[in-house]
Amino acid sequence: MDFLNELNLQQLQAVEANAGPVLVLAGPGSGKTRVLTSRIAHLVGVKGVRPSQILAVTFTNKAAREMDKRVEKMLGVQAGGITLGTFHAICARILRREAKHLPFNSNFVIFDSDDQINLSKRVIRELNIDEKRYTPQSVHTSISNAKNELITAQEYPVQGYRDEVVRRVYERYQEYLLASNGVDFDDLLLWTALLLEQNSGIRETYARRYEQLLVDEFQDTNFAQYVLLKHLASIHRSIFVVGDVDQSIYSWRGADYRNVLRFEKDYPDAQVVLLEQNYRSTQSILDLAMAVIDHNPYRKARRLFTDRGVGAKVTLQEVYDDREEASFVVDTISSLVARNEVQPGDFAVMYRTNAQSRLLEEAFLSKNLPYKLVGAQRFYGRREIKDIIAYLRLVFNPNDDFSLLRVINTPTRGIGTKTIQVLQTYSQQVRLSLGDLLLDLGRGNKSTHQKSFSKRAASATSVFGAHLNNWRECINACSPLQLMDRILDDVAYSQYILDGTDEGQDRWENIKELRRLAAEYDQKGLSNFLEDIALVSDQDTLDASANAPTLLTLHAAKGLEFPIVFIVGLNDGLLPHVRSFEDPEAMQEERRLFYVGITRAKDSLFLVDSINRSAFGYSEPTVQSRFLDDIPPDMLKEKHEGSGVRRSGYRSNIRSDQWGRHESVVVRNFKQSQPQFQPGSRVNHAVWGEGMVLNSRNQDEDEIVDIFFQDIGLKRVVASLAKLEVITDD
DNA sequence: ATGGACAATGTTTTT
DNA sequence: CATTGTCCAT
């Protein structure tokens, strides 16, 4: 097989490893995708494994498609039949097939992150829980974490009052999901793992079927995924995992790099292969990457080397403010492109938070230069898109109360909050889902329930119900696109959206884009359309064909590479993000994130920090990222703005606030008295309850206190305004 | 029932 | 500042 000739010794060792557990520790750019694809090709082409016996898990759908293409190329024939996809997509497939063993049916809908928060909010309100104290966001995070640990609502450990609240919300949340015939992201993993755990027949079926398991980005698997794999591998034990603990950046999503250690413990006979040679970057870039990551404690030092040569030094550019940061990026790109040595598509600009993309986009737009923005949220999160998807989801699954409530009065059709309340109460009385009730009301005078409603409500709901009936009939006869067009037409959506403003025009363009997407599902049908939409990853939206710079978050950059990379916003508070300041584990993850960004670059790397940064409309001074301290100065080509250069040593006494700005330091400090509140003491706040003082300082005749509240998080209050009560001193 | 005006409030990362 | 929610007048 030709493809084996292109591998180095370690890669070959991994590819040809005998059946059984294999752990491949692959540094960035070490060819792990090549190893994975070659392994599959080798299994099929040499070992005679049938494609249908192979299960390969990737991190994004895009990676799955790429892998599929590459395997096909290597084998020279169609490799169809391999089960290939993300954990979530694979689980969704299994759950639909095995729905008869589960408390929902096979046309369940998948609740995305927006839906998850909305549902949490709804439950919190219903249970009369203080929404300020227990925000839907934070409660849902707890639920999500529990699910990732395979803890059900009934098993949720209650140690304090907050746990009690979470447990109650969790329980109700699950009831709602099941009543709506829905599952959320985490449920996809949870249900599948529990199914395999509790049903030995099904476990054996799948474990027998998949003789070979391959897993990419193993360091970012969570506990549920680990258990899932363990069950799938329970018969053949041929599990081939590839990962790099230095690139673990998703712990906030439950990912646990300790799964790598767990793997070594659970499979003591595993072959371990180390891939260290880097084929991507120049040595200058690798040296910088190592300088950064070596500051993380408790890691096995690994050296990265390349035969690509030293290459150009990494540039550190300091600019005046974030506007200038954006124009520096755009100007540098256009002048490099003008020299004709590189193309626009060779560039990537990476940042820590999505909000940072805005100034960059503006800078590109003002110069009339095209760019690509990675981020599914940006498209699927739009109101008009969510509306149409909610319509489709409702037609597909009338029990989806959630989508129903979203669209029942959008565009407005005289079904206001009052009518909706009446509908809800009534539907509970007759034990029908809202959807079923509306379907009935839509049957006009043949309706059983219509007489129970006021004339006004009856007429408005019967019109909507009639539409719903029609669409339901369409479901098997029409393609997703035809159904969508019918809905758009029936509810006069274009009139609703096109209000004469530019924004309306934009929104309609988005709808047209969604039509284009729907058109690709003529064959695959509505079910697949809705599922793919729910499970798109940010990277999936990347359009490889356009030759333009790519704008993306550092997280989204994982697994990608670009000839020339800019990492912007190298300021404390942004990278590392302020939320990691108090937590050493989180801080280490920030560093890994920076490391991931650096190692995406093939030829050149630009790091940019700015002296001022704006938030809330004001531009304020910043502090340089502490990670830059870890880089030996001779590794960098430093450039500064002509004026306003930060004095060295200046920043060590300054703390930066959450937005990467530092607090203005006022020189008349000595005149002020001691702060009244000491770090470490506990205080009581009228609204937020008990908290601990983290920091306090006097400013302008008053005292500013940072307090950490268990349920709310970090808050900054002005002592004279907030009525604070000291509970304990230190 | 609806839409506009104003106030409050919040900014990590995403399958 | 930008989004979201709430209140109020129509």
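The values are calculated or read from the model by the stated rules, or taken from the named source; none is laboratory data. Since we're looking at a predicted model, the values are computed, not measured. We place every Cβ from the backbone using ideal geometry, glycine too, and count neighbours over all the protein chains shown.
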Conditions (1) of a type in the set (D, E, K, R); (2) within 16 Å of DNA strand C (Cβ to nearest atom); (3) free of Cβ contacts under 8 Å to residues at least 40 places away in the same chain: number failed by A:Glu590 = (2)
query = Looking only at the range A:303-328, which residues are assigned to a helix (DSSP H, G or I), crowded, with 22+ Cβ neighbours inside 10 Å and not hydrophobic (A, V, I, L, M, F, W, C)?
reply = A:Asp322, A:Glu325
query = In the range A:329-363, which residues are more than 16 Å from DNA strand C (Cβ to nearest atom) and not in a helix (DSSP H, G or I)?
reply = A:Arg339, A:Asn340, A:Glu341, A:Val342, A:Gln343, A:Phe347, A:Ala348, A:Val349, A:Met350, A:Tyr351, A:Arg352
request  = Among the residues of the range A:534-558, write down those that are at pLDDT 80 or above and touching a strand residue (DSSP E or B) at 6+ places or on another chain (Cβ under 9 Å).
outcome  = A:Ala534, A:Leu535, A:Ala546, A:Ala548, A:Pro549, A:Thr550, A:Leu551, A:Leu552, A:Thr553, A:Leu554, A:Ala556, A:Ala557
ask   = For A:Glu131, which of the numbered conditions (1) more than 16 Å from DNA strand C (Cβ to nearest atom); (2) charged (D, E, K, R); (3) at pLDDT below 90 fails to hold?
value = (1)
task = Please verify whether the range A:40-55 includes one or more residues that are of a type in the set (D, E, K, R), closer than 25 Å to A:Glu204 by Cα and within 16 Å of DNA strand B (Cβ to nearest atom).
result = no
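One line per residue, one yes/no per condition, for (1) outside any strand (DSSP E or B); (2) modelled with pLDDT of 95 or more:
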residue: A:Val242; (1), (2): no, yes
residue: A:Trp252; (1), (2): yes, no
residue: A:Asn259; (1), (2): yes, no
residue: A:Arg262; (1), (2): yes, no
residue: A:Ser281; (1), (2): yes, yes
residue: A:Ile285; (1), (2): yes, yes
residue: A:His295; (1), (2): yes, no
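Quick grid of which residues meet (1) within 16 Å of DNA strand C (Cβ to nearest atom); (2) among the hydrophobic types (A, V, I, L, M, F, W, C):
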position	(1), (2)
A:Leu95	no, yes
A:Asn107	no, no
A:Gln116	yes, no
A:Lys147	no, no
A:Gln154	no, no
A:Asp163	no, no
remark   = Among (1) modelled with pLDDT of 90 or more; (2) under 29 Å from A:Gly435 (Cα atoms); (3) of a type outside the set (Ser, Thr, Tyr); (4) outside any loop (DSSP other than H, G, I, E, B), A:Ala153 falls short only on (4)
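Restricting the range A:70-89 to residues that are more than 10 Å from DNA strand B (Cβ to nearest atom) and under 25 Å from A:Leu526 (Cα atoms), which is modelled with the lowest pLDDT? Spell out how you get there, then give the answer.
We begin by selecting, within the range A:70-89, every residue more than 10 Å from DNA strand B (Cβ to nearest atom); these are A:70-84.
Pick out the ones that are also under 25 Å from A:Leu526 (Cα atoms) and you get A:80-84.
Working: A:Gly80: 75, A:Gly81: 86, A:Ile82: 91, A:Thr83: 93, A:Leu84: 93.
So the residue we want is A:Gly80.
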key: From the options A:Arg339, A:Arg323, residue that is out of contact with any Leu (no Cβ under 9 Å at 6 or more places or on another chain), farther than 30 Å from A:Phe223 by Cα and modelled with pLDDT under 95   = A:Arg339
request  = Among the residues of the range A:605-636, write down those that are part of a loop (DSSP other than H, G, I, E, B) and within 16 Å of DNA strand C (Cβ to nearest atom).
outcome  = A:Phe616, A:Gly617
message = Here are the criteria: (1) in a helix (DSSP H, G or I); (2) away from DNA strand C (no atom under 16 Å from the Cβ). Tell me which single one A:Pro370 does not satisfy.
response = (1)
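Report the residue count in the range A:407-416 for those that are modelled with pLDDT under 90 and either within 33 Å of the chain's Cα centre (by Cα) or more than 14 Å from DNA strand B (Cβ to nearest atom) (or both). Explain how you work it out, then say what you get.
Initially, the range A:407-416 is screened for residues modelled with pLDDT under 90, giving A:409-416.
Now drop any that are not either within 33 Å of the chain's Cα centre (by Cα) or more than 14 Å from DNA strand B (Cβ to nearest atom) (or both), which leaves A:409-412.
Matching residues across the range A:407-416 total 4.
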inquiry  = With the requirement that a residue be more than 20 Å from A:Met635 (Cβ to Cβ) and of a type in the set (Phe, Trp, Tyr), what does the range A:261-307 give you?
reply    = A:Phe263, A:Tyr267, A:Tyr279, A:Tyr298
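Quick check on the range A:98-152: of everything there that is among the polar types (S, T, N, Q) and more than 12 Å from DNA strand B (Cβ to nearest atom), which residue is surrounded by the most Cβ atoms within 10 Å (Cβ to Cβ)? Walk me through it before giving the result.
Here is the first cut: in the range A:98-152, the residues among the polar types (S, T, N, Q) are A:105-107, A:113, A:116, A:118, A:120, A:128, A:135, A:137-138, A:141-142, A:144-145, A:148, A:152.
Those left that are additionally more than 12 Å from DNA strand B (Cβ to nearest atom): A:105-107, A:118, A:120, A:128, A:142, A:152.
Numbers: A:Asn105: 12, A:Ser106: 13, A:Asn107: 16, A:Asn118: 17, A:Ser120: 26, A:Asn128: 7, A:Ser142: 19, A:Thr152: 13.
Among residues in the range A:98-152 that are among the polar types (S, T, N, Q) and more than 12 Å from DNA strand B (Cβ to nearest atom), the one surrounded by the most Cβ atoms within 10 Å (Cβ to Cβ) is A:Ser120.
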inquiry  = Among the residues of the range A:489-533, what is the count of those that are surrounded by fewer than 16 Cβ atoms within 10 Å (Cβ to Cβ), modelled with pLDDT of 85 or more and within 13 Å of DNA strand B (Cβ to nearest atom)?
reply    = 2
